[in-house]
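The values are calculated or read from the model by the stated rules, or taken from the named source; none is laboratory data. From a predicted model like this one, the values you see are computed outputs, not experimental measurements. Here Cβ is always computed from backbone atoms with ideal geometry, including for glycine, and neighbour counts include all displayed protein chains. Just so you know, the surface numbers come from the protein's heavy atoms only, side chains and all, with ligands and any DNA or RNA stripped out. Shrake-Rupley method; radii C 1.70, N 1.55, O 1.52, S 1.80 Å.
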Amino acid sequence: DLVTFILTDLDSFQDVTVKIERPTYHKPFLGGFKHRITGVEFHNAGSQTVPKKRPDKGIKVFCRETQTIFEKNKLQQTVNTTSTQMAKIGLYMSNMTDKLIRPGKYVTADEYHKRRLEAVIVLQTYFRRWHAINLVQNLREKKRLRLEWEAQEELNKKKEKEEKIRSEHKRRLNPKTKEDYELLYHALESWRQEEIEQFNRTLTGTERKAALCGLLEQEAQLIASIGRHKLDADEENQQKAVLHFLDKCAQPKSWKAFDGKITEMDTQYTLHARELLEIYRSISMNEILKDERIDVLLTLRRTVKEHGCKLTQEIVELIDREVDLMLRDVKECNLEGLRKRICTLFLQYIKTPKFNPEVARILKVPPDPLKLYKNVNFCRSCKNYLPSTEFSVPANSRTVGRCRLCCKIDNEARQREEFLKYRLILKNLRESEADYQDDAKIVYLVQQQDLQYMVENIWGCQSALSASDDLYDLVMVRWDKHREWSPWNTILLTKDEADAHLKLCSLQEVYEAAFIHRINHKHIRAKKYFAQIPAMASFLHRSGNQ
C-alpha cells in the first residue's frame, strides 16, 4: 500500500491510503524517455484498471480480411503497335483507301421516339397475326374434337338404343326373371290394344264380334304359352336360388378394419356349411359316372348319419335304395324321381339349424315362433300371414293392403303395366344420393308407387328441359344440389342434362325466371301430395324452416 498526503486546507493535510494492485499480466510498453545524465528510464504511465471485456455477439468483429487491403497491379499493352502518318512536304500519302465521313441528318428526340413507336407497332402487328393464327388453329382443333365427340356420343346412343331393343327382344323370347315376364305381358297388352283399335276402325256388327272372339282365343293361347315358359324358368331359377342361399351360408365372417382392409374369418359353422354345399352340388349333378355317384352317396350317408332322427333315417334309406338299384344296372331315367327326393330331403336337412347352425341367420322363418308375431301382416287377397318384407306399402298408405305376389298376379291379369322403368329411376336416384354421403333419409322413404305418381302426374313423364319422354333415359336429381333430395327438391331430366345441371353454381343465373317458377310450382304440388304422409311431416317442417 502507498500512503499519500493530500492538502485539504491551507494548513492541514490528510493521509490517504492508495492500494496498488499488481497486474497478473505483463505490463505493455507504452513509450517513455531516458535521462541522458543519470540513465534512468521513465515509462509512460499505464492504467491499473483491468480492461473491460466486451460481450461476445457471435460475430467475428476483427479479422485480417477487413483490416487489410490487397492490391494487384497488372499492365495492359496492345498486341499491335499502330501509328498514324500524315502527309507533309516531301512525303506523299495515298488516300485511295480512306473513307470520307459526312455528318448525317440530325434526328430529334421526338423523331427518334416516333420511329421506335412505328417499329414497335410493326412488331406488335406481326405478333398479333401469329397469335391470331394460333388461336384460330386451336379453335378449329377444339371444334374438330367437339364434333368427333358429338358424333361418337350419337353413335354410342344409337348403339345403346339398338342394344336395348335387342336385349328386350331377347328377354321377350327367352324370359327368365319376373321383369322379363313383366315386359312380355306389357307387350301382350300393347298388341291386344292395337288389335282392338284396328277392329273398331275397320269392322262393325257381327264381324267385329267374331274378330274379338278370335283375338280372345289368341290371347288365351299366348298366355298359356307364357305360363309354360314361366314354369320352366321357375324351376331353373329355383335351383339357382337354392345354390345362392347355400353359398350365403358358407360365406366367411368379414368386417372392415379402420384402414379400410376387409378381414375374413372362417368358423367351424361356416366350414361345415361349405362342406354341405359341396355335397349338395355333387348330388345335384346328373351326368357323372356310376363310381363317382356312389362315392358321393356314401359321403352323404356318413354326413347325415352323425345325427339320428326321422329325417336322416329316411335319407339313409333312400341312399341305400339308390345304391342297390345302381348296382343292378337300373337305367338313370328311372332313378330321377329317387334322386330328386334325396336332394329335397338333404336340402331340408341343410335348412335345419340343428344340423347347420349357420343357416339360422338367413332363414326367412326364424326358429323361434315368438319372433313371427312381431313382424307379420295379413294379406286380404290371398288370406295368408306373411312377413312385412312381402308387402309393398306406399308412403301415403295407411293400411298394409295386398302382398307383392297378389299385386303381381293382378297386374298380369288386368292392367299389365311395366314398372321396370320406375324401379330403374328409383335405383339410380338412391345410388346418386348415396354418393353425397350426407345422411339422406327421404329418398329411402319414397317407394316405387310414390315415384310413379311423381313421374306421371307431376312431371308428365318427360324431361323438364327437353321434354324427352324416354323413361329409360330419364333420371331424378336434386334441384338444389346443396340440399338433401326430396320430392320438393328434385327435377326430372335426361342423363346428359342431369350431368350438366349438377355442375351449375347458381340456378338463377342460368335458368330463366319463368322456368324456375314452373319448377317451384311442381315442388308445391309434390309438397301437397306428400303432406298427408306422417313420416314426411318432420321433413316438411324442417324444409319450411330452411
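A few comments on the model shown:
- For residue 57, the lysines whose Cα comes closer than 29 Å to its Cα, not counting residues fewer than 8 places off in the same chain, are 27.
- Distance distribution note for segment 262-363: the fraction of Cα pairs above 16 angstrom is 57%.
- Percent accessible area from carbon and sulfur atoms, segment 99-155, protein chains only, probe 1.4 Å: 60 percent
- Apportionment of accessible area to carbon and sulfur, segment 417-543, percent (1.4 Å): 50 percent
- Residue 326 contributes an accessible area of around 10 Å² to the protein surface, as traced by a 1.4 Å probe with all chains present.
- ³J(HN,Hα) computed for each position of segment 411-418 - Karplus, 6.51 cos²θ - 1.76 cosθ + 1.60, integer Hz, glycine/proline x: 5, 5, 7, 10, 6, 6, 7, 10
- Across the cross-link table entries 248/305; 230/441; 441/503, which are compared at the Cα atoms, the separations over 31 Å belong to 230/441.
- Partner lysines whose Cα lies under 21 Å from the Cα of residue 99, excluding those fewer than 8 positions away in the same chain, are identified as 88.
- In order through segment 117-127: 3J(HN,Hα) via Karplus (6.51 cos²θ - 1.76 cosθ + 1.60), integer Hz, x for Gly, Pro: 5, 4, 5, 5, 5, 4, 4, 5, 4, 5, 5
- Selection among 296, 155, 55 by position relative to the dipole of the chain gives 55 as farthest towards the positive end (Cβ unit charges, Cα centre).
- Eligible aspartates and glutamates near residue 158 by straight Cα distance, threshold 19 Å, same-chain separation 8 or greater: 148, 150, 168, 469, 470, 473, 496, 497
- Mean Cβ count within 10 Å, highest first, over the residues of peptides 502-511, 400-409: 400-409, 502-511
- The chain - mean residue ellipticity at 222 nm from DSSP helices (-39,500 (n - 2.57) per run, n ≥ 4, rounded to 500): -17500 deg cm²/dmol
- Residue-level accessible surface for residue 267, protein heavy atoms, 1.4 Å, Å²: 40 Å²
- Sorting 164, 52 on solvent-accessible area from highest to lowest, probe radius 1.4 Å, gives 52, 164.
- Highest-first packing order for the peptide set 90-100, 146-156, 418-428, 380-390 is 418-428, 380-390, 146-156, 90-100, based on the mean count of other beta carbon atoms within 10 Å.
- Accessible area (Å², 1.4 Å probe, nearest 10) - residue 86: 130 Å²
- Of 331/351; 256/351; 176/421; 310/351; 495/522; 164/495, pairs whose Cα-Cα distance is over 26 Å: 331/351; 256/351
- With each label modelled as a point 7 angstrom along the Cα→C-beta vector, the residue 360-residue 88 pair spans 13.6 nm.
- Other-chain or far-sequence residues with amide H under 5 Å of residue 491's (modelled H): 477, 479
- For residue 377, the amide hydrogen comes within under 5 Å of the amide hydrogens of 386, 388, counting only partners 5 or more places away or on other chains and with H modelled in the peptide plane.
- Solvent-accessible area per residue for the chain (1.4 angstrom probe, square angstrom): 77 Å²
- Pairwise centroid distance, computed over Cα atoms, of segment 141-189 with segment 437-516, Å: 23 Å
- Label assignment, Cα extents along the principal axes in Å derived from the structure, set [x] 164, 92, 66; [y] 79, 66, 50; [z] 87, 58, 50: [x]
- The label point for residue 294 and the one for residue 196, both projected 7 Å from the Cα toward the Cβ, are 6.4 nm apart.
- Dipole magnitude (debye, nearest 20) for the chain, charges at Cβ of Lys, Arg, Asp, Glu: 1880 debye
- Cα lying deepest toward the dipole's positive end in segment 424-546, options 461, 521, 532, charges on Cβ: 532
- The modelled label-to-label distance for the pair residue 176/residue 155, using points 7 Å beyond Cα in the direction of Cβ, is 3.0 nm.
- Cβ-based charge dipole, the chain, positive-most Cα from 352, 198, 506: 506
- Within the accessible area of segment 262-363 (1.4 Å probe), percent carbon and sulfur: 50 percent
- Here the 3J(HN,Hα) profile of segment 442-448, calculated from phi with Karplus coefficients 6.51, -1.76 and 1.60 at θ = phi - 60°, is 4, 5, 8, 7, 6, 9, 5 Hz, Gly and Pro shown as x.
- Accessible area per residue (1.4 Å probe, heavy atoms of protein chains only) ranks 206, 494, 344, 299 as 206, 344, 299, 494, with the largest value leading.
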